[in-house]
Amino acid sequence: MEYQPNLKNITGSGGTIVAVEPQSTAAALGLRPGDQLLSVNGHVLRDIIDYQFAIAKESVDLVIRRDGNELQLRIDKDPADMLGIEFSEPLFDRLRTCNNKCPFCFLTQMPKGMRRTLYLKDDDYRLSFLYGNFVTLTNLKEDDWRRIEEQKLGPMYVSVHATDRALRAILLGKPDVPDVLEQIRRLGDLGIDVHTQVVCCPGVNDGPALAQTVEDLAALYPIVQTISAVPVGLTKYRFNGKAPQTIRAAIQVHERPEWIDTNWERQPLWEEALRRQVTDRRLTEEQARALLEEKYGDAGGFCSRLGVATEVPLRTYRPEEAAAVIDLLEPYQQRYWHEYETYLVYPSDEFYLLCGRETPPAYVYEGYQQHENGVGMVRKFLDEWEEIERRLPARLSEARRMLIVCGTLAAPVLQRIVDRLNRIEGLRVVLRPVVNEFFGDMVTVSGLLTGQDVVAALGYQQDTDLVVLPRVMFDYRGERTIDEYTPEQIGAEIGAPLALAATPYELLQLVRQPAYNKVAA
């Protein structure tokens, strides 16, 4: 799961310290949790990147805010000494939000009434540098480019979707998208490597359009280090009742007042733009409408002017279509291995799982550079399992009953693991794939399981010694699910000890541990 900041901790008043290492320089200075670091050597800090650059000096002046008062501290130190403090968030000033209207945007497919941050579209290049979050580069200003150059903020992870500019405009839901190929070249000129992704929508940007995108991006190697293709994710809220079911209708969701009110950077509505033209330029309504149509297309959006069929329905991939994407991309892997000695192009694991094919061997993934994007996760998991399988005990000293939870997509892979675990004498393991009732059964990944669905599917587990949940269904810190359940809350409601796991090694450790008698997280 991509890193998601907690907006409550981004105050615009410096970085809030949440932890101080014992015996560190910060501890010697008397810094403590709750202090806000405002500046270093007179530089106001925008984020942890600024902090890391500013603190790497032999002599530093710090300005701290504590209980409403400002304290000034000066210290001489080793430039490599980062003081030993941890901040509540990596961003201190504000989150850079998205100015696109992507028809497949997952945030427009959320039910109402959840926490505000779940509806906030982040598109912050700093989070791309820090955590590998994918960004579109459509909101960069010249100041941002200068900072990227000065601080060498790379690699960058870029959502491309299509290199054809008209098609990319459709997929980003706006007419004025910059040329992404020029932007990637510019990053390359600054010495920044780029990892790219294409969110594939059936019948829209796969097939010949995907082939063009791959070839255009591959021509920019070695600036472009990887190209991944991932299938579009849609929830039941996309299809319920009068929910938009086409590209055009989905773009227009972003024009609704209730959606705009959830975002910091308001997107101009068609009618608002029309009124501004009438008022500010003293045009008639007919003149203003003609002017806007020339720039943006008709009043229903800009789609028709671009000549792309936008009444194409948004839907998920069928097994045969997933296989077709793999068949399109795998020859490119062989081609680029011969040309560049890198496979470069990677279908995500979900395509392989959807059509029931085995994922490629580990060497194809070349270090798993897009592992967190679901590229190579299955292969890495299975290979790690093969390594630790020989370390499994033949028997347990006391009988144990375990239940392993997952989304439905991963069930065939995990069933192999469960079958092997059940050969251990004294251990009984059950795999429980949970259908995603919250988002709809077309959402099959473990990372979008909700606490309420897990609790409903498992019921009261009085005969289970340990329930193992996928760590990926919780947030970056492992503290809460998308519907605000904590591990402790789930454990209490199902009445069984609980543990989180993400790797075969963690499963091995859980098998080796004695029976639990309390909830573990």
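Below, the figures for the structure above:
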{"item": "Overall dimensions of the chain by Cα: Rg and Dmax, Å", "result": "25.3, 85"}
{"item": "Close Lys-Lys pairs in the chain, where close means Cα under 15 Å and separation is 8 or more or interchain", "result": "5"}
{"item": "Net length gained if the chain between Asp81 and Glu341 were fully extended (0.36 nm per residue, minus Cα distance)", "result": "89.7 nm"}
{"item": "Modelled FRET efficiency - R0 30 Å, Glu488 with Arg390, Cβ distances, 0.05 increments", "result": "0.30"}
{"item": "Normalised per residue, the volume of the convex hull around the Cα set of region 7-87 (Å³)", "result": "84 Å³"}
{"item": "Spin-label pair Ala27/Ala502, simplified geometry with 7 Å Cα→Cβ offset, distance in nm", "result": "2.7 nm"}
{"item": "In Å, descending, principal axis extents of the Cα set of region 112-236", "result": "44, 39, 25"}
{"item": "Virtual spin-label span in nm between Gln151 and Asp67, 7 Å along Cα→Cβ", "result": "3.2 nm"}
{"item": "Contour excess over end-to-end distance, with Cα ends at Val44 and Leu118 and 0.36 nm allotted per residue", "result": "23.7 nm"}
{"item": "Cβ-Cβ FRET estimate between Arg282 and Lys141, R0 fixed at 30 Å, reported to 0.05", "result": "0.45"}
{"item": "Cα-projected label distance for Ala56 with Arg315, points at 7 Å along beta-carbon direction, nm", "result": "5.2 nm"}
{"item": "Burial order of peptide ranges 358-365, 410-417 (average beta-carbon count within 10 Å, highest first)", "result": "410-417, 358-365"}
{"item": "Segments 210-220, 325-335 sorted - mean Cβ within 10 Å per residue, highest first", "result": "210-220, 325-335"}
{"item": "Cα Rg over Rh - region 398-521, Kirkwood", "result": "0.93"}
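Every number here is computed from the coordinates shown, using simple stated rules; none is lab data. This structure is a prediction, so every number in the text was calculated from the model and none was measured. Every residue, glycine as well, gets a Cβ built from its backbone with ideal geometry; the counts of neighbours run over all protein chains shown.
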